[in-house]
1. Looking for whichever is assigned to a loop (DSSP other than H, G, I, E, B) and either farther than 25 Å from Leu240 by Cβ or of a type outside the set (A, V, I, L, M) (or both) here; the options are Ser177, Ser183. Which one fits?
2. Within the range 144-162, can you find the residues that are of a type in the set (S, T, N, Q) and open to solvent by 10 Å² or more (accessible area, probe 1.4 Å)?
3. Could you say which residue among Pro11, Pro38 is open to solvent by 10 Å² or more (accessible area, probe 1.4 Å), in contact with a strand residue (DSSP E or B) (Cβ under 6 Å, 6 or more places away or on another chain), more than 25 Å from Lys201 (Cα to Cα) and at pLDDT below 65?
4. Inside the range 66-111, can you point out the residues that are modelled with pLDDT of 95 or more, open to solvent by 20 Å² or more (accessible area, probe 1.4 Å) and in contact with a Phe, Trp or Tyr (Cβ under 9 Å, 6 or more places away or on another chain)?
5. I want to confirm something. Restricting to the range 33-60 and keeping residues that are of a type in the set (A, V, I, L, M, F, W, C) and more than 18 Å from Ala114 (Cβ to Cβ), which single residue is farthest from the chain's Cα centre (by Cα)?
6. Cβ-Cβ below 7 Å, separation at least six or inter-chain, first residue in the range 278-292 and at pLDDT 75 or above, second open to solvent by 30 Å² or more (accessible area, probe 1.4 Å) and outside any strand (DSSP E or B): which pairs?
7. Within the range 118-133, does at least one residue satisfy the condition of being hydroxyl-bearing (Ser, Thr, Tyr) and at pLDDT below 95?
8. Given the criterion out of contact with any Lys or Arg (no Cβ under 7 Å at 6 or more places or on another chain), assigned to a helix (DSSP H, G or I), open to solvent by less than 70 Å² (accessible area, probe 1.4 Å) and free of Cβ contacts under 8 Å to residues at least 24 places away in the same chain, identify the matching residue among Asp168, Asp223.
Amino acid sequence: MVDSQTSEISPGSSHNVLEPDSDAKTDEQTASKSGEVPVYMISTDLETTGLTSQDAICQIAFYVERAFVRADHQSERDSSEPCLPLQSPDLHWDTVLEFEELVDPKTPMSKGAAEVTGITDDQLVGKRSLPAVMEDVVARLNSTCSGGVRILTAYNGMRFDFKMLFNDLAKKLNGTSQPDPMSFIQRLRIDWLCDPFILAKRALDQKNLIHNDSGRCSFRLGDVYLSMFKEKLPGWHGALPDSRATLRVLKHTYFGNHFTSLLSGVVTPGFQVGERADFLKPPGQYFAAFAKGSQQSVRPPSILQRLSKKLEKARSQKRKAPEESKADEPGAKLLRVLSGFHQKENSNDSPEAKALVDDSKGLVN
């Protein structure tokens, strides 16, 4: 459990940092009188047995901070444009809940996942099922987050975490009398989904980011954290440390007055996000496809990364021999591979594959 002096939390436990029936309730009553609305940033992270649609969640965490924001009924700000300079947020945030638990995935850990997370099959024996853990999460969040606006955030959540959570719940609930996955989503009472990964790729100065061996910017959470704060992410690939880091990255990517302005918007009835604010979506819109029963696969990034490297190699060969017909062969071959992968994996749910297909067409044209 949490040491009240250090606010550290051991795996498989949870902690209400502010008891909802004492400090939190008093703060909310005071804020209500001043016209402010509580905003709960609910950061989540999943550790999984692997990255394919057959894999499952083996650890889940929720880290919740709260700030009080005044609704902005008169603002004409453009919520689609991120604020680029790094600034300290001007809101006061309180940590109100920390939750982390190992989950029985009902499937073995892959070698790669075990090496990255340090989680072994033996550690997962006897742990609670995902539906049981989520029932606990729903109860704790609804007890802790009183009124206001709830924003569920996850790093790369739009492409991975949110889909994985829904799909894994669907698999675990199949054939049972328990509520369907949408019931869990609805009972969480989430107002917005947020993905700092999308925002970071657009807003951060790539000159200051870590670059991988191929010369590309690395937007992995730990690398972005190191680039931003000049320190390694403690406990990277642990669900709770990653949840904390996700929220810190978000607050320092869409910052200062601009971040406050965005939050002032989301607590205002009828708020509409700008077209470029694709990092922020209503949950009903996002989960609509899942509610219709179409379980879309979670994208295995390792496949796309390998194909991307092949594309870079083919492009390099093309530059070295632009006049030779043989220079087209690597690109043409890769285009066939990518097109097949893109079609197989569902074009509507594979923007990464589509982008690579387009790049390959440009290479062979």
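The values are calculated or read from the model by the stated rules, or taken from the named source; none is laboratory data. All of these numbers come straight from a predicted model, not from anything done at the bench. Positions of Cβ are generated from backbone atoms using ideal geometry, with glycine treated the same way; all protein chains shown enter the neighbour counts. The area values use the complete protein model at the heavy-atom level, side chains included, leaving out ligands, DNA and RNA. Shrake-Rupley method; radii C 1.70, N 1.55, O 1.52, S 1.80 Å.
1. Step by step, each of Ser177, Ser183 is checked, and only Ser177 is assigned to a loop (DSSP other than H, G, I, E, B) and either farther than 25 Å from Leu240 by Cβ or of a type outside the set (A, V, I, L, M) (or both).
2. Listed by number, the residues that qualify are Ser146, Asn156.
3. Pro11
4. The one that is modelled with pLDDT of 95 or more, open to solvent by 20 Å² or more (accessible area, probe 1.4 Å) and in contact with a Phe, Trp or Tyr (Cβ under 9 Å, 6 or more places away or on another chain): Thr95.
5. Of everything passing the filter in the range 33-60, Val37 is farthest from the chain's Cα centre (by Cα).
6. Sorted first by the residue in the range 278-292, then by its partner, the pairs are Asp278/Ile198; Phe279/Ile198; Leu280/Val273; Phe287/Met182.
7. no
8. Exactly one residue qualifies, and that residue is Asp223.
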